[in-house]
Amino acid sequence: MNARLIFKMELFKYLRDKFYLIAALVLLILNILTTVLFVNFEHLSSGLLGTAILLGIILLFSNMIFLGIIYPFHLLAIDYKNRVLALMVASGVNRSKLFFSKIGATILATVVMSIILTIVPIGTIFFEVGANGGWDELFQNIGVIMAPEMVPLSIYSVLGYIAGLVMLMTAVILLKGKTLSILLYFGFSFIVSMVVAGPLMSSSTFDSGATASSWINVGIEAVVILVFGFIALQSIRHQNL
């Protein structure tokens with residue numbers, strides 16, 4: 001089975017995962033409800049406004065946890081949880097192709113889910129800014145602050161996201177999809193942050209400017225992807241399923 005078919009197979013499984021799709025639908029409805037409340041905040045009583053603010057804070061963290069940890073962990077660990085990985089390998093699925101296909105499918109599924117859950121709140125914010133005549137000032141400020149670093153920051157954001165998924169995938173493979181994989185992932189993240197703290201906090205980094213520091217971050221994330229990708233790939237190749 002080639003990588004393309006494996007990739008499609010992974011996406012097909014994700015689309016039939018009713019529990020997490022329903023959970024995402026509930027989050028979407030709550031996001032829309034909270035957005036409507038905030039847009040019409042001037043018509044709310046003080047008690048209802050306080051409730052809306054509390055709901056907004058809870059939803060913010062709920063979306064971050066769901067999209068950043070729970071949902072990608074579920075996608076990466078689903079074959080271990082269902083105990084079908086050994087059967088897939090025995091049926092001719094190449095382990096290396098499965099690894100890269102699963103990472104790619106998880107990235108696509110998580111990005112699409114993130115867009116679906118956040119498009120209404122973000123779109124509403126931009127609409128309100130535009131309706132109040134704040135487009136020019138908004139983009140002018142963004143341009144002044146971000147223009148010199150837009151390219152490295154964009155690359156860093158993408159690589160940072162991929163690095164997080166690769167570390168999570170490594171944890172899932174090492175612990176064979178157990179829930180403790182999440183704790184191992186946090187451990188990996190802590191170790192990486194401690195290892196890279198030295199280069200980022202050095203005086204030479206600050207002296208070289210913010211743009212240079214951003215490119216250093218890009219390089220670090222690339223190294224993290226390569227290191228943990230190698231560990232995960234070697235582990236799944238030699239793992240007794």
Mean 1/r over distinct Cα pairs of region 4-98, inverted to a Kirkwood Rh in Å, yields 16.1
By the Cα gyration tensor axes a ≥ b ≥ c (a/c under 1.5 gives rounded; else a/b larger than b/c gives prolate, otherwise oblate), the shape of region 86-129 is prolate
Taking protein heavy atoms only, a 1.4 Å probe, and rounding to whole percent, the accessible area of region 1-134 owed to carbon and sulfur comes out at 75
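The values are calculated or read from the model by the stated rules, or taken from the named source; none is laboratory data. None of the values given here were measured: they were computed from a predicted structure. Areas reflect the complete protein model, heavy atoms only, side chains present, ligands, DNA and RNA absent. Shrake-Rupley method; radii C 1.70, N 1.55, O 1.52, S 1.80 Å.
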